[in-house]
Each structure stands twice: as C-alpha cells, then as structure tokens.
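The values are calculated or read from the model by the stated rules, or taken from the named source; none is laboratory data. Fair warning: this is a prediction, and the values are worked out from it, not measured in the lab. Here the Cβ positions follow ideal geometry from the backbone for every residue, glycine too, while neighbour counts run over all protein chains shown.
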Amino acid sequence: MTLTTDILLVAAAAFTVASLGGLYRIVRGPTMPDRVIAVNVLGSNVVIVIALLAAAIGEPGALDIALVYALLNFLLSIAISKFTVERGGVL
C-alpha cells in the first residue's frame, strides 16, 4: 500500500469514529430537531467514508453508491422535517 492509500484509510477511520458522537445524539438527543440534524450528519459522514474508501481501493463505481446514498440522505432529512412540522413538533 502506498502512503496515499494509508492516509485515505486513516481519514475514513477518523470519520467513522467521529460518527459515534452523532449516534449518541440520535439516541439521547433532547429534541427532535437535534435528532434530525444528527441523522443528517451521520449520513453525510457515511457518504464521505464511502468516497474515501472508493479512492483508497481504486474503485470508482463505489462513488455512484455514495452519490445515491447522499440523495437518499437528503430526502430522508426532508421527509423527517416535514413529518415533524405536520405533527406540530417544531419548537
């Protein structure tokens, strides 16, 4: 493995570890907006990790997966926000 591959893998691991804070906020978040933002941040971190791993292993097809996941993450955030507003859960 080259130095570039090692750096990309370390960065992917760092984003994975950073996602643990988001998991905590999803479970324990005091309000629904906190949870929605945490889900969005976690989804963004997953997209970044997929892209970094795709670059590290040299598989450009995985970038398509990251793009589709990013679009689904966006739609999920919009759907949860709309559902929360309709139920009157906005602060």
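Computed quantities for the displayed model
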{"item": "Count of region 70-91 residues which are surrounded by 13 or more Cβ atoms within 10 Å (Cβ to Cβ) and within 14 Å of the chain's Cα centre (by Cα)", "result": "5"}
{"item": "Residue that is at pLDDT 90 or above, among the aliphatic types (A, V, I, L, M) and more than 15 Å from the chain's Cα centre (by Cα), where the choices are 57, 50, 65", "result": "57"}
{"item": "Hits in region 15-28 - residues which are surrounded by 14 or more Cβ atoms within 10 Å (Cβ to Cβ) and without any contact (Cβ under 8 Å) to a residue 24 or more places away in the chain", "result": "22, 25, 26"}
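Listed here are the residues, each with its yes/no results for (1) crowded, with 16+ Cβ neighbours inside 10 Å; (2) part of a helix (DSSP H, G or I); (3) among the aliphatic types (A, V, I, L, M); (4) free of Cβ contacts under 8 Å to residues at least 12 places away in the same chain.
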| residue | (1), (2), (3), (4) |
| --- | --- |
| 30 | no, no, no, yes |
| 39 | yes, yes, yes, no |
| 42 | yes, yes, yes, no |
| 48 | yes, yes, yes, no |
| 53 | yes, yes, yes, no |
| 59 | no, no, no, yes |
| 64 | no, yes, no, yes |
| 68 | no, yes, yes, yes |
